[in-house]
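Visitor: Have a look at this one.
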Amino acid sequence: MDKLVLIDGHSILNRAFYGVPDLTNSEGLHTNAVYGFLNIMFKILEEEKADHLAVAFDLKEPTFRHQMYEAYKGTRKPMPEELHEQVALMKEVLTAMGVPILTMPGYAADDILGTVAKRSQKEGIEVSVVSGDRDLLQLADEHIKIRIPKTSRGGTEVHDYYPEDVKREYQVTPAEFIDVKALMGDSSDNIPGVPSIGEKTATAIISAYGSIENAYAHLEEIRPPRAKKALEEHYDMAQMSKELATICLDCPVEFEYGKTQIENLYTPEAYQYMKRLEFKSILTRFDAASLGGGETSSLEDGFRLVTEKAEAETLFAKAAKQPVVGVQLITASRSAARAAGEMEQLSFSFDEGGTLQSGEKAKEGLLPVAAAALCAGEEDICCIVTGGELTEVWLLERISALLRGRNGGAGAWVLDLKEQLPYLDIPYDGPVFDAGVAGYLLNPLKDSYGYDDLARDFLGLTVPSKADLLGKQSLGDALWMKDPKAVSCACYMGYVAMKAAAPLTERLQQTGMYQLFIEIEMPLIYSLSSMEQAGVKVEREELKEYGSRLKVQIDVLEQEIYRDTGKEFNINSPKQLGEILFGDMALPGGKKTKTGYSTAADVLEKLAPDYPVVQKILDYRQLTKLYSTYAEGLAAFIGSDGRIHGKFNQTITATGRISSTEPNLQNIPVRMELGREIRKVFVPREGSVFVDADYSQIELRILAHMSGDDRLIGAYRSAQDIHAITASEVFHIPLDQVTPLQRRNAKAVNFGIVYGISAFGLSEDLSISRKEAVEYINKYFETYPGVKTFLDGLVTQGKEQGYVTTLYGRRRPIPELKSANFMQRQFGERVAMNSPIQGTAADVMKIAMIRVDRELKKRNMKSRIVLQIHDELLVETERSEVEAVKALLEEQMKGAADLKVALEVDAKVGDSWFAAK
């Protein structure tokens with residue numbers, strides 16, 4: 001027997017919206033309802049093994065059943081905007097998947113479902129109706145199963161109902177369920193019901209009499225008396241409610257069973273939607289074959305595997321004459337290199353003339369080069385795999401020459417240039433552009449900028465991702481095995497990089513970010529690469545000794561906490577800790593959640609001043625984090641050269657700040673002395689010292705410049721303590737009478753304003769009342785009115801344009817400003833106020849870093865930048881170059897931006913990072 005699944009569109013979308021936590025994609029689209037709907041749909045289809053599917057939706061027009069009852073329509077709550085925007089989106093997704101959508105003016109979705117279900121049953125079709133609405137239980141029949149998803153124990157369970165199931169659970173038949181609903185009413189469906197009759201009484205009445213009409217005929221027998229009286233007085237209301245509750249089974253909806261045949265849900269169009277909506281788990285359902293639409297199939301027909309040197313020579317000659325080429329180096333694992341017999345080609349270095357030389361490996365951490373993708377035009381999309389005469393040395397020489405533009409000045413677009421630079425010899429100002437970085441500038445809210453993302457966003461092309469083609473397999477390893485899917489993957493990289501060049505350039509120019517891309521982001525790649533290759537030395541033994549000291553302190557704190565609480569327990573268990581503090585010890589402020597009392601930092605920090613044991617717990621947490629993340633964690637990153645070669649990323653943060661990973665050196669806890677001391681293990685090479693240069697209050701200085709507030713600018717130009725000046729102005733007291741507490745409070749306000757701090761946030765930070773916090777903020781804005789005008793203007797700009805910009809044109813989209821959720825809008829307003837300031841500070845630091853790096857190289861100095869952390873540069877400096885490096889840092893960092901308020905730089909020297917700070 002054929003199987004048909006019918007889904008109640010609005011009902012399941014509504015259930016998914018409230019059942020799945022709020023999700024948004026990088027465009028700011030709310031996606032949780034669509035995500036939940038799709039997962040329910042896939043679950044049902046897999047369970048049913050159905051071969052036919054359709055989804056019914058309500059239209060905006062009032063249904064015939066409700067037109068005569070306008071008085072009751074006002075009781076329905078308006079649909080949240082976050083859900084409303086997903087209704088149209090859901091229909092687009094279903095259409096892309098080839099799923100028929102059923103609608104009918106004047107009829108509700110349940111009328112359509114009822115009509116189609118009953119009609120299909122008569123034709124011998126097994127039907128499953130999926131809805132979150134119990135109203136549809138009246139449709140249950142011998143061959144019609146009602147499936148109602150319900151959230152239970154954090155997951156979704158689907159409850160099934162045939163007529164006997166309805167009878168067993170509700171004590172009435174499906175037809176009688178209509179009368180129960182009519183008596184009890186349902187405000188969500190605008191069914192008034194009978195006053196004073198609830199579900200229990202309604203069920204008892206209909207179970208006994210079978211219908212409202214029969215119950216009314218036996219009115220004298222109805223119990224309890226109030227139900228009898230209510231039914232007698234409101235019988236007309238009961239009949240009207242029954243009409244409202246009854247699903248129409250003969251609406252004139254057009255329905256062709258053949259068109260509901262499930263063919264291929266996983267279409268290229270659907271794949272594009274899943275990528276756009278960032279449903280990574282759903283994307284795994286798509287396979288490369290399902291994405292082989294005509295456009296990508298014909299494209300792949302032109303992909304070529306090159307293994308002969310002569311053919312590669314011809315290809316490079318062609319590429320040199322092209323205005324734009326796409327290039328991508330691909331590395332493999334050492335184990336794969338051994339298996340491929342290529343180990344003799346793993347080592348290489350450049351001579352002074354830029355020629356690659358084989359021999360001892362000169363750079364830490366380099367992997368063997370397995371291949372290069374090269375796209376020299378629509379007809380030449382190739383993957384060149386190393387082997388035999390086609391050595392990695394020869395291949396890298398050719399690519400370096402091409403990227404330098406020596407053979408005709410060909411420009412090139414690549415993906416992830418920073419990872420390829422250690423293998424190449426190309427200048428800072430070479431005609432080489434990173435397509436991923438360009439994509440990041442145009443939308444910094446995304447979490448990936450792979451070739452498939454760029455193809456979708458800028459070429460309107462759906463192509464399979466690396467994961468689609470190879471899963472978790474290494475691309476380089478697969479290429480050495482001549483895997484056709486790996487060849488396709490590599491060719492897509494080269495093709496998309498080349499093809500996206502024009503639209504990326506056009507969009508960057510349209511948005512005013514082309515100069516930012518060319519003058520800041522592209523040169524920065526080279527500086528970051530140099531810093532990663534240099535690495536920073538770490539004293540392994542000093543790190544072990546630091547870990548031992550931490551362990552002693554942790555053990556001492558542990559015993560003190562046990563003593564103070566009166567029992568031993570797992571301090572790292574929030575559940576156990578909460579029970580001890582708020583249960584056993586009855587400390588105030590306990591907030592009980594589903595899993596126990598909250599022991600979050602903000603909860604404990606309020607208690608710490610009055611309860612020493614709580615401060616010990618906070619200290620214990622910091623020390624254990626230091627121990628696991630740094631004392632133990634850093635050791636895993638120390639290379640054979642004794643240095644850590646971390647990763648510095650420029651496409652992660654939405655504001656433009658550089659982030660640090662593998663390891664993350666930007667989150668070292670510095671409140672505790674022991675936290676700061678981790679910097680002692682970072683030391684310069686022999687014969688060198690560290691020079692640490694830090695911008696002083698760069699974000700406040702940028703605020704003064706961007707706001708144009710005369711008083712704030714004047715305060716900085718007076719070259720006095722800005723926090724004391726602010727305290728003096730805000731509290732109306734002479735500068736020399738400002739107390740340390742007043743200065744501390746003014747400092748919190750100064751920095752808080754930059755981050756759009758609220759009165760609540762300031763009151764928490766300073767442990768003052770909300771009223772006092774409001775007064776502080778109001779006084780600040782009275783003192784610096786230009787700042788208030790500027791920040792308000794940023795919020796207005798964000799709402800009108802959908803984004804805010806830095807001084808250098810960097811855009812930060814703020815989709816949260818359009819949210820119907822108050823908390824989301826508040827967050828968006830804080831982002832609007834902070835992003836231009838923090839983003840400008842990031843831009844200035846990038847400019848400074850590029851200038852310092854270039855100047856060090858231009859002067860042929862041995863000193864080099866080894867770390868960039870927020871507003872700080874750490875330079876490993878030859879002792880003979882210390883004074884020159886200090887002067888260079890101050891000159892280049894101060895000159896990185898021309899502001900109304902001078903940038904100040906504090907440069908210190910030390911034999912460790914700790915000493916230089």
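Visitor: Which numbered condition trips up residue 193, out of (1) within 30 Å of residue 224 (Cβ to Cβ); (2) of a type outside the set (Asp, Glu); (3) in a helix (DSSP H, G or I)?
Guide: (3)
Visitor: Here is a follow-up. Go through 130, 194, 116 for me and flag whichever is more than 27 Å from residue 252 (Cα to Cα) and either surrounded by 16 or more Cβ atoms within 10 Å (Cβ to Cβ) or at pLDDT below 90 (or both).
Guide: Residue meeting the stated conditions: 194.
Visitor: Being surrounded by 16 or more Cβ atoms within 10 Å (Cβ to Cβ), in a helix (DSSP H, G or I) and among the β-branched types (Val, Ile, Thr) is the requirement here; does residue 599 meet it?
Guide: Here the answer is no, as residue 599 does not meet what is asked.
Visitor: Given the criterion over 20 Å from residue 535 (Cβ atoms), under 34 Å from the mean Cα position of the chain (by Cα) and of a type outside the set (Lys, Arg), identify the matching residue among 897, 902, 907, 887.
Guide: One residue alone meets the criteria, 897.
Visitor: Here's a follow-up. Filtering segment 880-917 down to residues that are assigned to a helix (DSSP H, G or I) and without any contact (Cβ under 8 Å) to a residue 12 or more places away in the chain, which residue is farthest from residue 838 (Cα to Cα)?
Guide: Selected residue: 880.
Visitor: Another question about this same structure. Looking only at residues in segment 756-784 that are assigned to a helix (DSSP H, G or I) and among the aromatic types (Phe, Trp, Tyr), which one is surrounded by the fewest Cβ atoms within 10 Å (Cβ to Cβ)?
Guide: It comes out as 760.
Visitor: Further question: Picking from 216, 257, 235, which residue would you name as being surrounded by 13 or more Cβ atoms within 10 Å (Cβ to Cβ) and under 30 Å from residue 124 (Cβ atoms)?
Guide: Exactly one residue qualifies, and that residue is 257.
Visitor: Scan segment 831-841 for residues that are touching a helix residue (DSSP H, G or I) at 6+ places or on another chain (Cβ under 9 Å) and not aliphatic (A, V, I, L, M) and jot them down.
Guide: Those that are touching a helix residue (DSSP H, G or I) at 6+ places or on another chain (Cβ under 9 Å) and not aliphatic (A, V, I, L, M): 834, 835, 836, 838, 840.
Visitor: Here's a follow-up. Which is at pLDDT 95 or above and in contact with a strand residue (DSSP E or B) (Cβ under 9 Å, 6 or more places away or on another chain), of 890, 883, 855, 816?
Guide: Answer to the selection: 890.
Visitor: If we scan segment 757-768, do we find a residue that is under 29 Å from residue 847 (Cα atoms) and among the aromatic types (Phe, Trp, Tyr)?
Guide: no
Visitor: While we're here: Report yes if residue 173 is touching a helix residue (DSSP H, G or I) at 6+ places or on another chain (Cβ under 7 Å), closer than 18 Å to residue 246 by Cα and surrounded by fewer than 22 Cβ atoms within 10 Å (Cβ to Cβ), otherwise no.
Guide: Yes; evaluated as a whole, the condition is true for this residue.
Visitor: While we're here: Among the residues in segment 768-781, are any over 25 Å from residue 866 (Cα atoms), of a type in the set (Val, Ile, Thr) and either modelled with pLDDT of 85 or more or under 32 Å from the mean Cα position of the chain (by Cα) (or both)?
Guide: Yes, segment 768-781 contains at least one residue that is over 25 Å from residue 866 (Cα atoms), of a type in the set (Val, Ile, Thr) and either modelled with pLDDT of 85 or more or under 32 Å from the mean Cα position of the chain (by Cα) (or both).
Visitor: From 745, 750, which residue is part of a helix (DSSP H, G or I), touching a residue at least 40 places away in the same chain (Cβ under 8 Å) and crowded, with 17+ Cβ neighbours inside 10 Å?
Guide: Only one candidate passes the filter, namely 750.
Visitor: Starting from segment 859-879, keep only residues that are closer than 17 Å to residue 683 by Cβ and in a loop (DSSP other than H, G, I, E, B), then list their pairs with residues that are charged (D, E, K, R) and at pLDDT 95 or above whose Cβ atoms are within a distance under 7 Å, requiring at least 6 positions of separation or different chains.
Guide: 862/878; 862/881; 863/876; 863/878; 863/881
Visitor: Okay, moving on. Residue by residue through segment 432-443, note down the ones that are of a type outside the set (Phe, Trp, Tyr) and either surrounded by 18 or more Cβ atoms within 10 Å (Cβ to Cβ) or part of a strand (DSSP E or B) (or both).
Guide: Answer for segment 432-443, where residues must be of a type outside the set (Phe, Trp, Tyr) and either surrounded by 18 or more Cβ atoms within 10 Å (Cβ to Cβ) or part of a strand (DSSP E or B) (or both): 432, 434, 435, 436, 437, 438, 439, 441, 442.
Visitor: Now a separate question. Considering every residue within segment 403-415, establish whether at least one is crowded, with 23+ Cβ neighbours inside 10 Å, out of contact with any Lys or Arg (no Cβ under 7 Å at 6 or more places or on another chain) and part of a helix (DSSP H, G or I).
Guide: yes
Visitor: What single numbered condition from (1) out of contact with any Phe, Trp or Tyr (no Cβ under 9 Å at 6 or more places or on another chain); (2) within 30 Å of residue 426 (Cβ to Cβ); (3) in contact (Cβ under 8 Å) with a residue 40 or more places away in the chain; (4) not acidic (Asp, Glu) fails to hold for residue 537?
Guide: It fails just one condition, (1).
Visitor: Those residues that are modelled with pLDDT of 95 or more, within 29 Å of the chain's Cα centre (by Cα) and in a strand (DSSP E or B), I need them from segment 661-702; list them, please.
Guide: The answer is none; no residue qualifies.
The values are calculated or read from the model by the stated rules, or taken from the named source; none is laboratory data. This one's a predicted model, so the numbers in the text were calculated from it and none came from an experiment. Heads up, the Cβs are rebuilt from the backbone with ideal geometry, glycines too, and the neighbour counts pull from every protein chain shown.
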